[in-house]
Amino acid sequence: MEDRDNELIGRLLGPAGPEIGCDACFEELDRYVDLEAAGKDADAAVPGLRAHLEGCPACREEHESLLALVREDQGPAS
Amino acid sequence: MTPATTTVPGVMRTSSVAPGTRLDPESQELLQALTGSGRAYDDACARLHELLLRAARFEVTRRARSLKGAEADAIATEAADDALLAVLRRLDDFRGLSKLTTWAYKFALYEAAVKVRRHAWRDRELPVEPDTLASLHGGVPGPEEDVEMRERLGTIAAAIDEVLTPHQRRVLVALAVNGVPIDVLAERLSTTRGALYKTLHDARAKLRVQLEETS
Ligand SMILES: [Zn+2]
């Protein structure tokens, strides 16, 4: 119950910090994901994208999928 | 001094890849073929479509497990076709800051995700707003430890009534309370995801300011 309320409040108020919008997120998503997959600091390279993923479920799903797909291409970590 | 194999020699005139940008060999080869012509171009398009179809199927399988095989396949194929057009149209925008496959995948994932969301809601009316907003004010009385949380939700509900425009309120309630996917709402309101998110973002900012002032 409390978790559900907390999630609802999170959805209502969104991320606290500055965030980019959906269009900028789409533009930067491939670079961000390739940096993540390479173990680099993607958040330093694209500030505000992580916060946007917190506030936007659609972009969040697409980010999850792109990262998973790129990781699948990379094959099992050796 | 940079070896030709790690730069983009022939394509600089037709792509936005900055001179000297290091592309991986696979991206370089595919990009070159896609900015070329004839048989090599056709082959590259076919290869690109295959990549896009794989990404679209990946997304449809992840997000719509309940879809029947033929239906899922139709959505994935349509998404890959749309993504191919988008990628070819926007090839000039590829700046070489990621792998070309990663850049192309995102178009297929986007097209597939939007179609899956819209498909899931195709026969559903958007929830009627006032009923669902009322649940924030009180609804079912919870156990003792929920009192504080209930109060907080009540404060937010009051702020929604006080400071948001009708459009901001409608968008916030649909997206944050009723769980309407943003692409479904964008379609019904004849707008875009980006524009709706901007409205959502402005509404959230107003609420935060109001909550700070009233606390
Ligand atoms: Zn977004």
Q: Can you pull a Stokes-Einstein diffusion coefficient for chain B at 10 °C (1.306 mPa s), Rh from Kirkwood over Cα pairs, as a whole number of µm²/s?
A: 77
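What percent do you get for the relative contact order of chain A when only Cα pairs under 8 Å and 6+ apart count? It would help to have the intermediate numbers written out before the result.
On the way: 59 pairs, mean separation 26.5, N = 78.
In percent, rounded to a whole number, it is 34.
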Q. Where the only charges are on Cβ atoms (+1 Lys, Arg; -1 Asp, Glu), what is the dipole of the protein assembly as shown about its Cα centre, to the nearest 20 debye?
A. 840
(Q) So if the hydrodynamic radius of chain A is defined as the Kirkwood radius over C-alpha pairs, what does Stokes-Einstein give as its diffusion coefficient at 25 °C and 0.890 mPa s, in µm² per second? (A) 181
Q. With a sphere of radius 14 Å drawn around the Cβ of A:Leu67, what net charge do the other residues whose Cβ falls strictly inside it have (Lys, Arg +1; Asp, Glu -1)?
A. -3
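For the pair B and A, how large is the buried accessible area, both sides, in square angstrom to the nearest 100, if the probe is 1.4 Å? Walk me through the numbers on the way to the answer.
Working: alone 13140 and 5760 Å², together 15150 Å².
Separately minus together, B and A give about 3800 Å² buried.
For chain B, which whole percent of the accessible surface, found with a 1.4 angstrom probe, sits on carbon and sulfur atoms? It would help to have the intermediate numbers written out before the result.
Numbers: 5980 of 11280 Å².
Answer for chain B: carbon and sulfur cover 53 percent of the accessible area.
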Q.
Once you keep just the Cα pairs under 8 angstrom separated by 6 or more residues, what percentage relative contact order results for chain B?
A. 17
Q. Which lysines does B:Lys115 reach when only Cα atoms under 30 Å apart count, and residues fewer than 8 places away in its own chain are ignored?
A. B:Lys68, B:Lys99, B:Lys106, B:Lys198
Q: Please find, in a Gaussian network model of chain B (springs between Cα atoms separated by less than 10 Å), the residue of B:Lys106, B:Lys115, B:Lys198 whose mean-square fluctuation is greatest.
A: B:Lys198
Q.
Please compute, for the alpha-carbon atoms of the protein assembly as shown, the extent along each of the three principal axes and give them in descending order in Å.
A. 68, 45, 39
Q: Starting from one equal scatterer on each C-alpha and no solvent at all, send me the Debye-based log10 I(q)/I(0) for region B:3-120 at q = 0.09, 0.11, 0.15, 0.20 Å⁻¹, two decimals.
A: -0.27, -0.39, -0.65, -0.98
Q: Over region B:3-120, average the accessible area per residue using a 1.4 Å probe and give it in Å², no decimals.
A: 49
Q: Using label points projected 7 Å from each Cα along Cα→Cβ, tell me how many nm separate B:Leu126 and B:Arg188, to one decimal.
A: 0.5
Q) Mean separation of Cα pairs under 8 Å and 6+ residues apart, divided by the residue count of region B:3-120: what relative contact order is that in percent? A) 31
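The values are calculated or read from the model by the stated rules, or taken from the named source; none is laboratory data. None of these values were measured; they are calculated from a predicted model. Quick reminder, even Gly has a Cβ in these numbers, built from the backbone with ideal geometry, and neighbours come from all protein chains shown. Just so you know, the surface numbers come from the protein's heavy atoms only, side chains and all, with ligands and any DNA or RNA stripped out. Shrake-Rupley method; radii C 1.70, N 1.55, O 1.52, S 1.80 Å.
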